[in-house]
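Derivation of every value follows stated rules applied to the coordinates shown; laboratory data play no part. Computed from a predicted model, the values in this text were never measured in an experiment. So basically every Cβ, Gly included, is an ideal-geometry build from the backbone, and we count neighbours across all protein chains shown.
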Amino acid sequence: MAEMTKEAWRQELRKKTSPKDRMAIERVTMPETEVATRITSQRIEVNTGITAEMAQQEAVRCLDCPNPTCMIGCPVSINIPTFIKNIERGEFGEAAKTLKETSALPAVCGRVCPQEKQCEANCIYTTKLNKPAVAIGYLERFASDWERESGNISIPEKAADNSIKIAVIGSGPSGLACAGDLAKLGYQVTVFEALHEIGGVLKYGIPEFRLPNAVVDVEIANLKHLGVEFVTNFIVGLTDSIENLKEQGFKGFYVASGAGLPNFMDIPGENANGVLSSNEYLTRVNLMGADSLDSDTPVLRGKNIMVVGGGNTAMDSVRTAKRLGAERAMIVYRRSMEEMPARLEEVHHAIDEGVEFINLANPVEYVADENGRVCKARIQRMELGEAGADGRRRPIPIEGKIDEIECSVVVVAIGVSPNPIIPNSIEGLEMSKWGTIVVGDDTMESNIDGIYAGGDIVRGGATVILAMGDGRKAAANMHKKFQK
């Protein structure tokens, strides 16, 4: 890495602006669509992207460290300083090309990755200078969007076809990352997707106000240009078995089927009409167009909508409810505001959009009306006790303190579990007590030779970028195996 900083053009850039002047520049602020406009539609993106001038100014802030600690925090090992310095010198296409050397989905990651906990958390501005980190995520989005909008889309170099067939099961971020890396290495990759659309959680789980489907579609098109084939409406284990796929010539398998099984709380009244999982709620809206009033797959609407949970999926759900006309869209979360696992940006946007936060509270019962439709929730008030093994203070019920809140729709967003169909169809596959596939940390290979797995089917619910990191690691280890 230090060798790259010695390139002539990099040295010239460093001479143009002193470190002191670079550090004096304030971090760029992401422009946003006005609240009154954006909450009228599920399809209006909130963050509107930075301009070329803003991007170049932000890129100047990067000190081009000889040992870039920002890269330590990137699960897919993006060459962060190089892509940023290309933006500084106005070579936006080269910046996008650098991103695509290691990331199959840079335009996606620039929008939804928690950079504040990863690359930006390791930026020297954060760790040494007590200043806001370089806006790496904003710059990643800028370079990717510039390439897409310019029409000058580069396709990464690809090795000669080696005739080895690999099956990737699931077209979410982990499967796409694995497929992209293997295709570049010359493998014949086929991605099998259970749904009718490619993209997995990127399509059904993340609303378009955060991640437009059109952006995902371009990333998928890039993989198709690399030679990746996609088969939809295909459930491995039901449509066909892995054994039959082996007979068709597939030598290796990467299971990236995600965690699409919703968790519930098992409390009284949870089976009432109007109580649904965030999976169903978001899938109906994001993938099936239920936000349209003439949709043939409508979703329940209501004046008072309660979302249970404090993660990104809860924020996506409650902000969706606001866009579907809820007058009172509420988050009910059993811990404090400060302990919410959701991205700060999502919480900030939710507050701006009028979402109400009811913290230190937990539903204990849902009450239905005479028609069986939920009409109110009984909420147990909580307080924080001592920290648990994970370092977070445990929520403890306050005896006798229970409130009632009117609600006609409840969306439960308290996590997900792996769907058992695919793992259960693989005889002898080692599973954890949580229903996840057990793999080697270094290899991503299961106990069955040639079957690898990663993403949420291994981790449980996790982030897009961690899932992508698993896909890349699996691809590298599959390549080692098949090149022996």
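A few remarks follow.
- Among residues other than Asn152 with Cβ under 13 Å from its Cβ, the summed charge is -2 (Lys and Arg +1, Asp and Glu -1).
- Amide H to amide H distances under 5 Å link Ile396 with Glu383, Leu384, Gly385, where only residues 5 or more positions off or on other chains count and H is placed in the peptide plane.
- Between Asn152 and Lys15, the simple label model (points 7 Å from Cα in the Cβ direction) yields a spacing of 2.6 nm.
- Between amide H atoms placed 1.01 Å from N, distances below 5 Å from Val307 occur with Met330, Ile331, Val332, Val411, all of them 5 or more places distant or on a separate chain.
- Selection of trypsin sites (Lys or Arg not before Pro), the range 105-214, meeting DSSP coil and at most 15 other Cβ within 10 Å: Lys128, Lys158
- Computed from backbone phi, the HN-Hα couplings of the range 445-459 come to 8, 6, 6, 9, 3, x, 10, 10, 7, x, x, 5, 5, 9, 8 Hz, rounded to whole numbers (Karplus: 6.51 cos²θ - 1.76 cosθ + 1.60, θ = phi - 60°; Gly and Pro given as x).
- Neighbour counts of C-beta atoms inside 10 Å place Leu195, Leu211 in the sequence Leu195, Leu211, starting with the fewest.
- Between amide H atoms placed 1.01 Å from N, distances below 5 Å from Ile235 occur with Asp240, all of them 5 or more places distant or on a separate chain.
- Sequence-distant lysines (8 or more away, or on other chains) whose Cα lies within less than 27 Å of Lys376: Lys303, Lys322, Lys401
- Relative contact order of the chain, defined on C-alpha pairs under 8 angstrom at six or more residues apart (%): 15 percent
- Length added when fully stretched, Asp296-Asn67, from 0.36 nm per residue minus Cα-Cα: 76.9 nm
- Charge-dipole axis of the chain as Lys and Arg at +1 and Asp and Glu at -1 on Cβ define it, positive-most pick from Ala361, Asn447, Val236: Asn447
- Proxy reagent accessibility, fewest Cβ within 10 Å first, across Cys113, Cys65: Cys65, Cys113
- Average Cα contact separation per residue, the range 327-481, under 8 Å, 6 or more apart, as relative contact order %: 14 percent
- The loop-placed GluC sites (Glu not before Pro) in the range 34-74, going by DSSP, that have at most 16 neighbouring Cβ atoms within 10 Å of their Cβ come out as Glu34.
- Cα-based shape type of the chain, given that a ≥ b ≥ c are square roots of the gyration tensor eigenvalues and the cut on a/c is 1.5: oblate
- Tensor-based shape of the range 47-120 (alpha-carbon gyration tensor, a/c under 1.5 rounded, otherwise prolate or oblate): rounded
- Converting phi to 3J(HN,Hα) with the Karplus coefficients 6.51, -1.76 and 1.60 and the offset θ = phi - 60°, the range 375-387 yields 10, 7, 10, 9, 10, 8, 6, 10, 9, 8, x, 6, 5 Hz in sequence order, with x at every glycine or proline.
- Shape call, the range 262-412: gyration tensor on alpha carbons, a/c limit 1.5: oblate
- Over the range 179-235, relative contact order from alpha-carbon pairs under 8 Å, at least 6 apart, %: 57 percent
- If only the Cβ of Lys and Arg carry +1 and only the Cβ of Asp and Glu carry -1, the dipole of the range 197-299 around its Cα centre is close to 320 debye.
- Placing +1 on the Cβ of every Lys and Arg and -1 on the Cβ of every Asp and Glu, with nothing else charged, gives the chain a dipole about its Cα centre of roughly 1160 debye.
- Extending 7 Å from Cα along the Cβ direction at Glu427 and again at Glu399 yields two label points whose distance is 5.7 nm.
- With 0.36 nm allotted per residue and the present C-alpha distance subtracted, the Glu365-Glu101 stretch has 90.0 nm of extension available.
- Most to least packed among 330-339, 450-459 [average Cβ atoms within 10 Å]: 450-459, 330-339
- Two-site label geometry, Asp390 and His196: point separation in nm, points 7 Å out along Cα→Cβ: 3.7 nm
- Counting charges near Arg328 (Lys, Arg +1; Asp, Glu -1) among other residues having Cβ under 12 Å from its Cβ returns a value of -1.
- Note on the range 234-296 and the range 299-332: Cα centroid distance 21 Å, given to the nearest whole angstrom.
- Partners of Lys203 within straight-line reach, counting aspartates and glutamates whose Cα lies under 15 Å from its Cα and excluding those fewer than 8 residues away in the same chain: Glu45, Glu193, Asp217, Glu219, Glu280, Asp291, Asp316.
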